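Worksheet: one structure, shown below.
The values are calculated or read from the model by the stated rules, or taken from the named source; none is laboratory data. Bear in mind that the values here come from a model prediction, so they are computed numbers and not experimental data. Backbone-built Cβ (ideal geometry, glycine too); neighbour counts: all protein chains shown.
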Amino acid sequence: MVRMRVLIQVETGMEKLTEIAVKIGASSAKIIDVKDVVVDERVRLKCAVPRCHGYGNCLVCPPHTMSVPEFREILKRYKKALVVQIESHLNSLDKSENSGLSDPKLIKEQMDLHRPIRMKFNDLMNNIEKEAFKLGFPFAAAFGAGKCDLCGEAGCLGMADGICRHPFSARPAMEGMGIDVTKTALNAGLSVELSSATSVKYTGLMLLE
């Protein structure tokens, strides 16, 4: 009877969490079984080959994050995950035609253009995690999308001494942990568009016990 009551409370808490996520800014929020979180070492490989702008330049980007095997072990301790998306009207580089991917100026323009929405998404994931804690999920852990922008245009100030300047706000990206964002989102019934002339969807994930 007690176990049944606890399970009902957990399920009710997760339902409330999805409602809260949408209420405070998410375009979509779906609960999935943790077995549907797809982890693949090749995702982490793509952080380095071709080299992402954040690789080695940010304390919450590889190779400074935990290894994929370590993350796999932690994942085993969780049962559910909340997949969160936010949609922006901004477009992105057309990767299908390799357009502009070798142009540092164009890449910087894109990064600057998307910085506000990445900051907004980081705040959203932080706030959802806070709400999860209030609902009785003390081990809730949120992961964002893309490079951390909390230190501004100067880049990660923590690289100078190894001390993060925003330890309670900085979030590793899903892909930095080895999570296949596309497959995981699809398992949640959500779509992901990597290149779009009309809008971009940012996807984050929060682990729940």
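Of note:
- Any hit, the range 27-46, residues being loosely packed, with under 15 Cβ neighbours inside 10 Å, assigned to a strand (DSSP E or B), modelled with pLDDT of 95 or more and not aromatic (Phe, Trp, Tyr): yes
- Test for Lys201: is it closer than 21 Å to Ile86 by Cβ, of a type in the set (Lys, Arg) and free of Cβ contacts under 8 Å to residues at least 12 places away in the same chain: no
- If only residues of the range 148-183 that are outside any loop (DSSP other than H, G, I, E, B) and among the small types (Gly, Ala, Ser) are counted, the one that is farthest from Lys120 (Cα to Cα) is Ala160.
- Screening Lys130, Lys105 for residues that are of a type in the set (Lys, Arg), assigned to a helix (DSSP H, G or I), modelled with pLDDT of 80 or more and surrounded by fewer than 17 Cβ atoms within 10 Å (Cβ to Cβ) leaves exactly one candidate, Lys130.
- Residues located in the range 1-19, provided they are at pLDDT below 70 and either of a type outside the set (S, T, N, Q) or in contact with a strand residue (DSSP E or B) (Cβ under 8 Å, 6 or more places away or on another chain) (or both): Met1, Val2, Arg3, Met4, Arg5, Val6, Leu7, Ile8
- When residues of the range 47-100 are limited to those that are among the aliphatic types (A, V, I, L, M) and assigned to a helix (DSSP H, G or I), the one modelled with the lowest pLDDT: Ala48
- Against the conditions (1) in a loop (DSSP other than H, G, I, E, B); (2) touching a strand residue (DSSP E or B) at 6+ places or on another chain (Cβ under 8 Å); (3) among the polar types (S, T, N, Q); (4) modelled with pLDDT of 95 or more, Ser191 satisfies every one except (4).
- Some residue of the range 170-183 being over 24 Å from Leu59 (Cα atoms), surrounded by 14 or more Cβ atoms within 10 Å (Cβ to Cβ) and not polar (S, T, N, Q): yes
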